[in-house]
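Structure, as structure tokens:
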Amino acid sequence: MDAQTSARQRLVEQLRREGIVDEAVLAAIGRVPRDAFLPADVADQAYENAALPIGHGQTISQPYVVALMTENLRLSGREHVLEVGTGSGYQAALLAELAATVVTVERVPALQETARQTLARLGYANVTLHAANGTLGWAPEAPYDRILVAAGGPIVPTSLLQQLAVDGRLVMPVGKPREQQLVLVERAAEGFH
């Protein structure tokens, strides 16, 4: 086992100890090389349970948060997923491991292009990337069975709720920047819960 694989496995064990129970999510984290999605100057910190800078004032989320949000989507492998906030593409790669198709939007074109190149190099053919304002979602490919919003906001945008399929799930940090809570929205035939 090489050093990167061993580091990924240590991270998986740490996430398991911290309460992540979805074995499919943990296995995906064990497969996806987080270091490939980071700038060279921080790649040696890839398997620490910490958010790290990826340029353009953005960060790659802490692995625990990534795992928790992904776990709450309850993916079975058949879903059409929207990710808002591609960043470096790491979360998109995890979603691609666990869902049928992933559509991801990023407002910073340079990040979106770097993510596109990394995902292509790693062979993720079931991910479609768009440079766009994430609060608007990506209506041309809606509805989505699952929506994951990487960056928080004061409320869940109505445009995203409208793009969520019946029986769909949306996960997003909501609130003021230092007081956010992870919110899960489920859409039923009669409305949102």
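Within the stretch 107-128, being over 25 Å from V183 (Cβ atoms), among the hydrophobic types (A, V, I, L, M, F, W, C) and not in a helix (DSSP H, G or I) holds for L122, A125.
If you go through the stretch 157-189 and keep only what is surrounded by 14 or more Cβ atoms within 10 Å (Cβ to Cβ) and either at positive phi or β-branched (V, I, T) (or both), you end up with V171, V174, G175, V183, V185.
Please go through the stretch 132-148 and pick out each residue that is aliphatic (A, V, I, L, M) and touching a Leu at 6+ places or on another chain (Cβ under 7 Å). Of everything in the stretch 132-148, those that are aliphatic (A, V, I, L, M) and touching a Leu at 6+ places or on another chain (Cβ under 7 Å) turn out to be I147, L148. Pick from L11, L52, L68: which is touching a strand residue (DSSP E or B) at 6+ places or on another chain (Cβ under 6 Å) and over 19 Å from Y124 (Cα atoms)? After ruling out the rest, the residue left standing is L52. Restricting attention to the stretch 143-161, the residues being assigned to a strand (DSSP E or B) and among the β-branched types (V, I, T) number 2. Given the condition among the hydrophobic types (A, V, I, L, M, F, W, C), crowded, with 21+ Cβ neighbours inside 10 Å and within 24 Å of W138 (Cβ to Cβ), answer yes or no: does some residue in the stretch 38-50 qualify? No.
Please go through the stretch 89-113 and pick out each residue that is closer than 15 Å to A36 by Cβ and either surrounded by fewer than 19 Cβ atoms within 10 Å (Cβ to Cβ) or in contact with a helix residue (DSSP H, G or I) (Cβ under 9 Å, 6 or more places away or on another chain) (or both). G89, Y90, Q91, A92, A93, L94, A96, E97 - these are the residues of the stretch 89-113 that are closer than 15 Å to A36 by Cβ and either surrounded by fewer than 19 Cβ atoms within 10 Å (Cβ to Cβ) or in contact with a helix residue (DSSP H, G or I) (Cβ under 9 Å, 6 or more places away or on another chain) (or both). Filter the stretch 46-70 down to residues that are in contact with a helix residue (DSSP H, G or I) (Cβ under 9 Å, 6 or more places away or on another chain), among the polar types (S, T, N, Q) and not in a loop (DSSP other than H, G, I, E, B) and give me whichever is nearest to T114 (Cα to Cα). Per the criteria, the residue is Q58. In the set S88, S76, only one residue is closer than 14 Å to A27 by Cα and in a loop (DSSP other than H, G, I, E, B); that residue is S76.
For the stretch 41-58, the tally of residues that are touching a Gly at 6+ places or on another chain (Cβ under 7 Å) and not polar (S, T, N, Q) stands at 1.
Residues of the stretch 131-156 that are touching a residue at least 12 places away in the same chain (Cβ under 8 Å) and surrounded by fewer than 15 Cβ atoms within 10 Å (Cβ to Cβ): N133, L136, A139, E141, P154, I155. Being in a helix (DSSP H, G or I), in contact (Cβ under 8 Å) with a residue 60 or more places away in the chain, under 21 Å from L73 (Cα atoms) and of a type outside the set (V, I, T) is a condition met by at least one residue of the stretch 15-26.
All of the numbers you see were taken from the coordinates with simple rules; none came from a lab. On a predicted model such as this, the values are computed, not experimentally measured, just so you know. Cβ sites come from the backbone with ideal geometry, for glycine too, and all protein chains shown count toward neighbours.
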